[in-house]
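To start, the structure under review is shown below, and the notes come after it.
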Amino acid sequence: MTETERLILVPLNYNQLVKYMKFDHSLEEELNLNKSSREISPDLKEALEQTILPNVADKSKNYLYSTLWIAISKTENKMVGALCITGEPNENEEIEIGYGTDEEFRNRGYMTEIVSGIIDWAKKQLIVKAIIASTDKDNPASVKVLEKTGFTKIGEIDALFNWKLKINS
């Protein structure tokens with residue numbers, strides 16, 4: 001868990017991830033949160049089923065590098081978005097992130113704050129030297145989040161921009 005000015009970032013364990021996917025508000029009940037109108041994109045649903053849940057279940061891996069980190073608004077006591085680290089650091093000591101804000105909470109600076117919170121957490125992980133991310137070229141809000149949090153565009157492939165932020169060098 002880590003905190004920012006307005007948010008609490010909570011890494012979900014396996015059972016919490018299962019509840020997150022159910023959409024029955026059982027996760028909110030477990031965490032004593034107000035109900036939210038969150039949605040799971042088809043891409044996130046596929047990632048949860050194919051990658052995130054199996055990796056979090058693997059006891060040989062540190063689940064913090066594979067799970068969904070939910071962002072909870074301190075004032076509204078609701079989930080406002082989520083960020084995922086896509087696995088343990090690679091051979092270059094990089095972790096990759098993906099993220100999304102629930103529709104009702106967009107354009108309030110929450111995602112910039114969530115990414116900043118994960119950057120602060122990652123700086124404390126001595127095995128992490130950089131964070132990488134990709135954004136759709138047609139998603140200016142996501143591009144702006146990475147620019148505001150200090151990422152540098154390092155390339156592009158098809159419909160994606162690739163980004164990197166060096167830390168712990």
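The values are calculated or read from the model by the stated rules, or taken from the named source; none is laboratory data. Remember, predicted model here, so these are calculated numbers, not experimental data. Reconstructed Cβ throughout: ideal geometry from the backbone, glycine too, with neighbour counts over all protein chains shown. Note: areas computed on protein heavy atoms with side chains; ligands, DNA, RNA excluded. Shrake-Rupley method; radii C 1.70, N 1.55, O 1.52, S 1.80 Å.
Points to keep in mind about this one:
- Within the range 30-53, tally of residues that are in a helix (DSSP H, G or I) and either modelled with pLDDT of 95 or more or hydrophobic (A, V, I, L, M, F, W, C) (or both): 6
- Scan the range 130-164 for residues that are open to solvent by less than 60 Å² (accessible area, probe 1.4 Å) and more than 21 Å from Thr101 (Cα to Cα) and the total you get is 2.
- Listing of strands (runs of 3 or more DSSP E) fully contained in the range 76-157 that carry 1 or more residues being over 29 Å from Leu31 (Cα atoms): 94-101, 130-136, 152-157
- Pairs are defined by a Cβ separation below 6 Å, a sequence spacing of at least 6 or placement on different chains, a first member in the range 139-157 that is without any contact (Cβ under 8 Å) to a residue 24 or more places away in the chain and farther than 15 Å from Ser116 by Cβ, and a second member that is open to solvent by 20 Å² or more (accessible area, probe 1.4 Å) and part of a helix (DSSP H, G or I); no pair meets this definition.
- Selection from the range 84-99 of residues that are open to solvent by 20 Å² or more (accessible area, probe 1.4 Å) and of a type outside the set (Ser, Thr, Tyr): Glu88, Pro89, Asn90, Glu91, Asn92, Glu93, Glu94, Glu96, Gly98
- None of Ser37, Ser26, Ser66 is of a type in the set (Ser, Thr, Tyr) and without any contact (Cβ under 8 Å) to a residue 12 or more places away in the chain except Ser26.
- Scan the range 20-39 for residues that are under 19 Å from the mean Cα position of the chain (by Cα), small (Gly, Ala, Ser) and either farther than 16 Å from Asp102 by Cα or surrounded by 11 or more Cβ atoms within 10 Å (Cβ to Cβ) (or both) and the total you get is 1.
- Test: Ser60 is open to solvent by 20 Å² or more (accessible area, probe 1.4 Å) and of a type in the set (Gly, Ala, Ser): yes
- None of Leu27, Leu17 is closer than 14 Å to Cys84 by Cβ and either part of a helix (DSSP H, G or I) or modelled with pLDDT of 90 or more (or both) except Leu17.
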